Structure formats: structure tokens, C-alpha cells
Amino acid sequence: MSVSEHPNLDTVQGTDSQKAVNETLEDYTLRYAPHSFRRWSPKVVAITALGGIAYLADFSIGASIGMSYGTTNAVFSILFAAIIIFLTGIPLAYYAARYNIDLDLITRGAGFGYIGSVLTSIIFASFTFIFFALEGSIMAQGLLLGLGIPLWAGYLISTVMVIPLVIYGMKALSKLQVWTTPLWLVLMIGPVAYLIYQEPTLVSQFATFTGHEGFAPVDMAAIMLGAGICLSLIMQIGEQIDYLRFMPAKTKENSKAWWAAVISAGPGWVILGAIKQIIGAFLGFYLLTKIPGVNSTEPVQQFNAAFHDMLPGWAALTLAVILVVISQIKINVTNAYSGSLAWTSAYTRISKHYPGRIVFVIVNLAIALALMEGNMFAVLGKILGFYSNFAIAWVVVVATDISINKYVLKLSPKEPEYRRDMLYNVNPVGMVAFLVSAGLSIAAFFGLLGSFLAPYSPIIALVLAFVLTPIMGLLTKGKYYIKSHDDGVKEPRYDAEGTPVATVYHCRVCEQGYERPDIMFSHKHNGTICSLCKTLDA
């Protein structure tokens, strides 16, 4: 069943449920993505998901950490954060690709409950507009340097230009990411490789750089402060999942390609991210030593200087601006897309009203534009360090719930549940673990637990989330995971291999066909109803 096979789709209008059909069947927003829609190969899905990793914020983050804490501390910070991000991303990426649902739907059944996960949807939406603003600021810096466009106008341009691409969802985004990735790779790797080839002594000089903050060459506090900034990117797995949910079903024939795509485009994004951060620290050091007075944390300045070593000034500037524009479009279409999904999910569950995903595209971009105009780039480290406490707590709770509570302790079914009435509104397992770990780590971040613990707030969030999740699961005996085990439909949602069943059922409310995982029986309507219509049905 494809979108084109819905003969009544163009005539459906009026009610919230019917309006939701028109939009959600484009990308299956807020619901399970069916077999019939997932026509891309694992390779195409992986390339599309990794296309967003073109963002240049990593170079800025790496330079900021390197300039502050020195090279050795920066590298340890980056590697420590990368290991945590990779390990926590594995169960989330697997769940999304195996069961074809996004992070919000995963979170509902992984310890938070139907309404409890509204909080985490808002946290994820915050991630998308914070990073949209960061990436938009970088693009505006490029437009200022290359074309003389004032920053305020550059902020507006970088915001408005992504709207048409975001509206058309996965179909447009997959083409954009596949087509632009080769050029982006050449523009990013070329000048850095040439710079190292021409001036190999820079590497040894960079290795001994100790930073501006007065820390020892190897200092645990500095490493943790840097890691806290890097760990704010732990939420990037949510954006990867927004693509991985379109993976084809795992079979014996495609098993190797399937796993390669899931690992590389899921947790594997952080490998490229860590490399970019270290390169950013290197380019920041290069700018600091070779061109004093230039802001070494601005990626456009970093690459303009690197291109200058191999090309005439006008060509160097042109390529630097092209790299910035391509990179920022590639990531900000993802930020805007994922943010609109998160806001729509939270609002729809609270209000039982579906205003349309495009409404929240505009809302998300308006918030991001306000942050850019407020010059959030100037306080980048503080914002990311603070936000990382929420992000770490959420992701670690969900990853621990899946890997420990479901697979080891067997406190809840392995298959995910996300539908209204099948879940309790609030599950204390995830909510308590999240609130305690995030609350105490934020208290530590602001020095309320003593100055010694302040740099270690990310570790506090990580350890408490990991420990409290199974403890809460055991204390509650898994009682609050599933409210009802019977959805009124005889056919199981998943086959013996755990693959979602493809049988199509008719929804009595929106009058469309949906595959088995997205359907349940409604006594009110005396027939089957899809999950989103159930959400909207007061």
C-alpha cells in the first residue's frame, strides 16, 4: 500500500483525523512506517541519515574545547563522549530500524508512558531549534564573509530557505542528502589533508598546545567539562532515527547490509562527528597561530584559511562559503524536519488536536531565528553544557530500559508499544530515573553540590540514569509498562521473527488502510482504528 493507492486521499478533509491523514501519509508522522512505504535500500537510508552529519558545529565545538582546555584534554573529552554516544545509540537505532518507529514512540513504551514522553518530546524539540540556530549562525557567518550580507539578514535567509525542502519530507530529503554528500566530502577533506601535507610540523605543535584556561595537559576536570559539551550531541541519535525508521524489513538475504546501515547511520554517526571535532580543534589552533585576531571557532574562517593555502584568495573564499552553505542546508533541513515531528507529537497528545506538521515547522524555525538574532553563538559552550544534562539523562534511561529492563530483566515485552489505552499515561520507571538524574546533574552543573562536582555533571546524569532505571523497574515489578495486553485484534502485530506484520486493516475514523502494528479495536467505533485517530479521539 503506497500513498498513491489511497483513492480517497484527496477528498479527505474537515476533521482533525482526516487532516492528519493528508499529512502523515507523506512520511507517516507520529505513527508506524509500513512495509509498503519503506521502499529504499539499506544503503540509501544510511546515506540519507548520515547526510545530516555534514553540519559544521562539530568544528566549532572542537575548536572551542581545544582553545579552552588544550589538545590532549580536548581529544580525551571528544573520545570519551563518542564512546558513550555510540554505546547508548545501539539499542535505540536497532529498535527504530527493526520496528520502524521514531524516538518518541520508542520512549513511550521504554519507561515513560503515553503522556510522560511528552516531556522528552519537548526536550528533543529544544535540541533541534538550539542546533538549527547554531548551524544557521554558522551559515550567516559564511554569507557575511563571502557576500557581505549582514548577520541579521543571513540569519533570516538561513531560516527561510529550508522551509520548502522540509515540507516534502523523506522523499525530498533523501535526494538532497545523496546528491550533495560527495561534493561535501571533497570540500571538507581536501583542504585539511593539503594543509597537513604542506605543514606537517603543525601536527606536533598542535599536540602540545595546552589551551587558554590554565589546566594541566591532562586534567580530569577539563576532560569532563569538554565531554559535557560534546555529550549535548547525544540527542543526534533522535534525528538519525527519524530516517532509520524507514529501513526495510530485516531478512536473511539483506541481514549484513541491514546491520551495516543501522550501525553506521545510527550510533556510527559519532565516529565522523568525533573526527570533525578533532579537526576543528586542529583548525582552531592553526588560525590562532597563523592568523591572530580571527575568531578561531568560526568554521567559515577555519576553512577559508585552509583553502587559502592551496588556492588564490577569491577561490578559497568561494569554496569556503559553498562548503558552509551546503553543510548547513544538509543539517538544518533535518533539524527543522525532526523538530516539527517532536512538537506535533507533544501538542497532539496533550490537546487531542492536530494542527498540522507545517505549523510546527514554522514554530520551530521562529524560535531558532530568535536565538540567532540573540547571538546564541557567543555563549555556545554554556548552552550545550547545560542542555547535555537533560539529553544524557533521557537517552541513557531509554537505552538502559531497552537493553537491561526488556532484554535482561524481562520486565516488559521486547516489542515496543506506543498506542493510547495500551499504555499507562505515566510510567514511574523512566520518569523517576530521568527526573532524578537530570535534576541532580543540573544542580551539580550550577555548583549547588559543590565546586568539585560541577565539571562532573555529565557523569552524574549518566550513572544515575543507568542505575536508577533497572532499580525502578524492579521496584515496580514492571507493572506500569503495559496497561492492556489485548488490543482487540486477533492477528499478532509481529510474526515469529519479530518482524511487523503487513496485513492491512481499515480505520473506521479516517477510512484509510493501515498495517497491523498501527491498528487496534475500538468499542466506541465498533471496528478497528489507527493509532493516530485513537490519539485524537476524545
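The values are calculated or read from the model by the stated rules, or taken from the named source; none is laboratory data. Bear in mind the structure is a predicted one, so any value in this text is a computation, not a measurement. Every residue, glycine among them, receives a Cβ derived from its backbone with ideal geometry; neighbour counts consider all protein chains shown.
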Matching option when the condition is surrounded by 15 or more Cβ atoms within 10 Å (Cβ to Cβ) and among the acidic types (Asp, Glu), among Asp487, Asp495: Asp487
Single residue of Ile78, Ile84, Ile90 found to be surrounded by 24 or more Cβ atoms within 10 Å (Cβ to Cβ) and over 22 Å from Tyr337 (Cα atoms): Ile78
Residue that is over 29 Å from the mean Cα position of the chain (by Cα) and either among the charged types (D, E, K, R) or in the same structural domain as Thr120 (by TED's automatic domain parsing) (or both), where the choices are Gly280, Gly284, Gly313: Gly313
Condition met for Leu453 (surrounded by fewer than 21 Cβ atoms within 10 Å (Cβ to Cβ) and among the hydrophobic types (A, V, I, L, M, F, W, C)): yes
Elements of type helices (runs of 4 or more DSSP H) contained in the range 299-385, each with 3 or more residues being crowded, with 18+ Cβ neighbours inside 10 Å and touching a Ser or Thr at 6+ places or on another chain (Cβ under 8 Å): 313-351, 357-373
Qualifying residue in the range 422-431 (condition: touching a residue at least 40 places away in the same chain (Cβ under 8 Å) and within 21 Å of the chain's Cα centre (by Cα)): yes
Residue among Val379, Val397 that alone is farther than 15 Å from Ala125 by Cβ, among the β-branched types (Val, Ile, Thr) and touching a Gly at 6+ places or on another chain (Cβ under 7 Å): Val397
Leading residue by the ranking (surrounded by the most Cβ atoms within 10 Å (Cβ to Cβ)) among those in the range 389-444 that are of a type in the set (D, E, K, R) and not in a helix (DSSP H, G or I): Arg419
Among (1) under 16 Å from Lys406 (Cα atoms); (2) touching a residue at least 12 places away in the same chain (Cβ under 8 Å); (3) out of contact with any helix residue (DSSP H, G or I) (no Cβ under 6 Å at 6 or more places or on another chain), the one test that Leu468 misses: (3)
Candidate set: the range 457-479, residues that are among the hydroxyl-bearing types (Ser, Thr, Tyr) and in contact with a Leu (Cβ under 9 Å, 6 or more places away or on another chain); chosen: the one modelled with the highest pLDDT: Thr476
Residues satisfying the stated conditions in the range 113-123, i.e. more than 13 Å from Arg419 (Cα to Cα) and either buried (at least 24 other Cβ atoms within 10 Å of the Cβ) or basic (Lys, Arg) (or both): Thr120, Ser121
Some residue of the range 156-179 being polar (S, T, N, Q), at pLDDT below 90 and over 20 Å from the mean Cα position of the chain (by Cα): no
First in the range 478-494 and assigned to a loop (DSSP other than H, G, I, E, B), second anywhere and aromatic (Phe, Trp, Tyr), Cβ under 6 Å, 6 or more apart: Tyr480/Tyr424; Lys483/Tyr424; Gly488/Phe521; Val489/Phe521
